[in-house]
Amino acid sequence: MTSPQTILHLDLDAFYASVEQLDRPELRGLPVIVGGDARRGVVCAASYEARKFGVRSAMPTAQAHRLCPRGVFLPPRFDRYAALSEQVMSIFGRFTPLVEPLSLDEAFLDVTASSALFGTGRDIATAIRKSVRAETGLAVSAGIAEVKFAAKIATDLGKPDGLMEVPRGGVREFLAPLPVGRLWGVGKVTEAALLRSGLALIGDVARADRERLERTFGSHGAHLHDLANGRDERVVIAHDEAKSVGAEETFEDDLLGAESLEPGLLAQSHRVARRLRAHGLRGHVVTLKVKYADFTLVTRRATLSEPADDAGILYRAVIDQLVRVDLTRPIRLTGISVSGFDAQPSQLGLFAEPESDTQKKRRTLNAVLDSIAARYGEDAVQPAAIAGRRKR
Ligand SMILES: [Mg+2]
């Protein structure tokens, strides 16, 4: 038997619509509906003001127009949402390397091992909500529980801008009074069937005879019985199982020669290093990608003796690779990525080796850079020591 987990579920409120209200303050307090065109599109997101009129996501835009004729209808701006999402996910990553994004605006976090550094699940959820609000201006709701699906339900019940915690050992009691439609995996059809069997509340399913549920619903019946009793074996799967962390940039004009490439590579090194640190990762393999004006692509790869999450180290590694790139041809894009991650995430540092003085200085400097970047934007700072270091 494993000890109880502390799982957070975090979900930005009315994400796309909130971003529009954030970027255009004159829209605050108005019913904002983000979605496709009125003829064939559907609603992607509706602000809480619009929800009062019955507008919901996935509803045809035409129907939303009928329900809320004075609504502000806007097309989605996915680039902007993705950039903010990345910022929010990196805030999550400061508290645990175990972040599992479900979509742009929603993630599970396993913070079981983070409590020594950051306190209880409630402390962490509170700190995250505060940071997201302060650094992005967005409201994120949080649910806390020992199992994933209960944390998600808690978030939904606490919305908007809420924080709800299921007490330890209390998942079953928390679920019991809720309608069966709240259970994960219960759609309209299963819900109707459960109601026909006289099972209206999750507590009814929890108390129902397991064999009878299996006879009626097959293996799904046993699963529903488990969930209703607060049993959910699913663990948080960190997206760092993703293979690499990278950044790239297409230049407005093609660039020629090493000198013209260096500022971009430096900025990319910083971006990648910051992302690595946000996720508590260090990697051994640094890959430089170069796309020429004719769209042919080359990659050059360096293996570091020590895994790194430091911009200076990444930058030197890619600069070393430039000698293996044909620099007489115009270049339209460069990119840097890091892979080959350390098996042990570095963020919590609980089992880390003692640091050398240089490592300690670098870590302190990086922590300062991260906090400045979080406040003033990604490219606000680049240490002159690295920027000036061209000849080695
Ligand atoms: Mg959301």
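The values are calculated or read from the model by the stated rules, or taken from the named source; none is laboratory data. From a predicted model like this one, the values you see are computed outputs, not experimental measurements. No Cβ is skipped: glycine too gets one built from the backbone with ideal geometry, and neighbour counts run over all protein chains shown.
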* **Segments classed as helices (runs of 4 or more DSSP H), wholly inside region 1-90, with at least 2 members that are more than 13 Å from the ligand (Cβ to nearest atom) and out of contact with any Gly (no Cβ under 8 Å at 6 or more places or on another chain)** => 15-23, 61-67
* Structure fact -> Residue hits (region 117-168; touching a Pro at 6+ places or on another chain (Cβ under 8 Å) and of a type in the set (G, A, S)) are A139, S141
* Failed condition for R24, given (1) under 30 Å from E248 (Cα atoms); (2) touching a residue at least 12 places away in the same chain (Cβ under 8 Å), with all others met? -> (2)
* Structure fact -> Considering region 105-134, residues that are within 15 Å of the chain's Cα centre (by Cα) and more than 16 Å from the ligand (Cβ to nearest atom), and then whichever is surrounded by the fewest Cβ atoms within 10 Å (Cβ to Cβ), we arrive at S131
* Can you tell which of H279, H270, H284 is closer than 25 Å to M89 by Cβ, over 22 Å from the mean Cα position of the chain (by Cα) and touching a residue at least 40 places away in the same chain (Cβ under 8 Å)? -> H284
* Asked: Taking region 160-170 on its own, how many of its residues are buried (at least 17 other Cβ atoms within 10 Å of the Cβ) and within 16 Å of the ligand (Cβ to nearest atom)?
  -> 3
* To do: Mind listing whichever residues of region 236-253 are modelled with pLDDT of 80 or more and among the aliphatic types (A, V, I, L, M)?
  => V236, V245, A247
* Residue check: is A116 in the same structural domain as A127 (by TED's automatic domain parsing), at pLDDT 95 or above, assigned to a helix (DSSP H, G or I) and not polar (S, T, N, Q)? -> no
* Go through region 322-357 and give me each residue that's hydrophobic (A, V, I, L, M, F, W, C), at pLDDT 85 or above and under 19 Å from L281 (Cα atoms). => I336, V338
* **Meets criteria (part of a helix (DSSP H, G or I), within 16 Å of the ligand (Cβ to nearest atom) and not polar (S, T, N, Q)) for L102** => no
* Looking at F251, F295, which is the one that is in a strand (DSSP E or B) and among the aromatic types (F, W, Y)? -> F251
* To do: Output yes when any residue across region 8-17 is surrounded by 14 or more Cβ atoms within 10 Å (Cβ to Cβ) and more than 30 Å from G230 (Cα to Cα), and no when none is.
  => yes
* To do: Restrict the check to region 306-319 and report whether at least one residue is assigned to a helix (DSSP H, G or I) and modelled with pLDDT under 90.
  => no
* **Any chance R300 is without any contact (Cβ under 8 Å) to a residue 60 or more places away in the chain, part of a strand (DSSP E or B) and of a type outside the set (D, E)** => yes
* Asked: Name the residues in region 135-151 that are within 16 Å of L12 (Cβ to Cβ), surrounded by 22 or more Cβ atoms within 10 Å (Cβ to Cβ) and over 15 Å from the mean Cα position of the chain (by Cα), would you?
  -> G143, A151
